[in-house]
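Here is the structure we will look at, set down as structure tokens.
The values are calculated or read from the model by the stated rules, or taken from the named source; none is laboratory data. Nothing here was measured: the structure is a model prediction, and the numbers come from that model. Please note: Cβ atoms are built from the backbone with ideal geometry, for glycine as well, and neighbour counts cover all protein chains shown.
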Amino acid sequence: MLPRVSQCARRARRHCLAPSLLRQNHNQASSGTSQSTGRTASFGFKTVPEESKESLVKDVFDSVASKYDLMNDASSLGVHRLWKDSFVSTLRPGCKGPMRCIDVAGGTGDIALRILDHAREQYADRETSVEIVDINAQMLSEGFKRFKKTMYHNTPQVSFHEANAQELPPSQFKDDTYDLYTIAFGIRNCTSIPAVLKEAHRVLKPGATFACLEFSKVGNPLLSALYDQYSFSVIPLMGTILAGDSASYQYLVESIRKFPSQPDFAQMIRDAGFATGGDRDGGAWTDLWGGIASIHTGVKV
């Protein structure tokens with residue numbers, strides 16, 4: 001599934017993203033995107049034509065972009081910040097010298113900023129770089145505004161790119177290029193998870209790390225019941241109060257429930273060509289807060 005580039009370009013101009021930082025990928029346009037494939041995909045609990053999911057997801061993130069961080073804070077009571085801190089700390093960027101990183105579905109820039117801060121603060125590394133990639137121009141606009149307030153603005157350490165995680169343009173995102181690929185709370189929104197994983201494998205160097213932070217399956221029945229009650233009752237209500245949009249947050253809650261279990265996702269990562277640990281917490285994945293979120297890692301072989 002490919003982005004409607006002309007529409008994305010118009011959005012980018014409206015949000016004043018610097019052309020040198022937000023690189024439009026016009027070569028992603030394809031005549032096949034307008035034709036029905038007959039395949040379906042999940043959009044929350046709904047089943048939709050596969051070719052429709054991408055535009056539906058983009059509409060969701062267009063709606064929530066300006067309130068995205070606020071809603072994350074409210075809906076998780078700030079816990080998402082701890083999860084992201086743990087995610088980046090586990091990866092230890094900069095510990096073996098400067099790294100070239102790609103953060104996909106990273107429009108708001110919070111993972112990229114953590115990577116750069118960790119490398120600088122823990123290892124005095126000011127050469128590690130992060131290329132932030134997102135299919136949604138409005139999310140990238142939020143990230144660009146965030147980085148304008150930091151020491152990394154207008155430096156080679158950060159750049160912004162509008163591109164589809166499922167089909168990163170090979171001319172720009174070359175084979176065997178990156179030391180670290182991160183994707184946080186984004187892969188479940190993609191139409192084809194295997195396609196994303198295949199692209200991650202392609203752009204990483206041999207021996208490099210794929211790392212994904214994503215909502216997952218809660219193992220404890222009592223915690224799972226409480227989590228479901230909170231998710232379906234409170235989060236859409238917060239969306240209405242804080243963002244004037246309950247439907248988008250209803251989708252986000254439903255999309256979490258449709259994401260594969262920890263063992264199933266670990267197998268998908270292996271099927272893409274990565275080596276992982278064993279199928280257990282502390283092996284192929286690390287559960288956070290009982291599995292509400294999980295960190296998955298794999299090494300390109």
Exercise. Could you list, in sequence order, all residues of segment 197-239 that are surrounded by 13 or more Cβ atoms within 10 Å (Cβ to Cβ) and in contact with a Gly (Cβ under 7 Å, 6 or more places away or on another chain)?
Key: His201, Phe210, Ser216, Lys217, Val218, Gly219, Leu223
Quiz item: Out of all the residues in segment 174-182, is one or more modelled with pLDDT of 95 or more and either in contact with a Pro (Cβ under 8 Å, 6 or more places away or on another chain) or in a helix (DSSP H, G or I) (or both)?
Solution: yes
Self-check item: All helices (runs of 4 or more DSSP H) inside segment 185-301 with 2 or more residues being more than 21 Å from Leu56 (Cα to Cα) and acidic (Asp, Glu)
Solution: 262-271
Quiz item: Can you name the condition, by its number, that Leu82 falls short on among (1) farther than 25 Å from Ser192 by Cβ; (2) crowded, with 18+ Cβ neighbours inside 10 Å; (3) out of contact with any helix residue (DSSP H, G or I) (no Cβ under 8 Å at 6 or more places or on another chain)?
Solution: (2)
Self-check item: Enumeration of residues in segment 85-110 that are farther than 17 Å from Phe210 by Cβ, surrounded by 16 or more Cβ atoms within 10 Å (Cβ to Cβ) and among the charged types (D, E, K, R)
Solution: Asp110
Self-check item: Complete set of residues in segment 97-135 that are in contact with a Cys (Cβ under 8 Å, 6 or more places away or on another chain) and of a type outside the set (A, V, I, L, M, F, W, C)
Solution: Gln122, Tyr123, Thr128, Ser129, Glu131
Quiz item: In segment 235-251, is there at least one residue being touching a strand residue (DSSP E or B) at 6+ places or on another chain (Cβ under 8 Å) and modelled with pLDDT under 90?
Solution: yes
Exercise. Just one of (1) among the polar types (S, T, N, Q); (2) modelled with pLDDT of 75 or more; (3) in a helix (DSSP H, G or I); (4) more than 20 Å from the chain's Cα centre (by Cα) trips up Thr47, so point out which.
Key: (3)
Quiz item: Which one is modelled with the lowest pLDDT among residues in segment 216-230 that are touching a helix residue (DSSP H, G or I) at 6+ places or on another chain (Cβ under 7 Å) and not polar (S, T, N, Q)?
Solution: Gly219
Exercise. Can you run down the residue pairs with Cβ atoms below 7 Å, 6 or more apart or on separate chains, where the first is in segment 56-71 and without any contact (Cβ under 8 Å) to a residue 12 or more places away in the chain and the partner is of a type outside the set (A, V, I, L, M) and part of a helix (DSSP H, G or I)?
Key: none
Quiz item: In segment 183-194, what residues are within 26 Å of Arg120 (Cβ to Cβ) and modelled with pLDDT of 95 or more?
Solution: Ile183, Ala184
Quiz prompt | Search result, residues across segment 135-150 that are within 20 Å of Asn189 (Cα to Cα) and free of Cβ contacts under 8 Å to residues at least 40 places away in the same chain | solution = Gly143
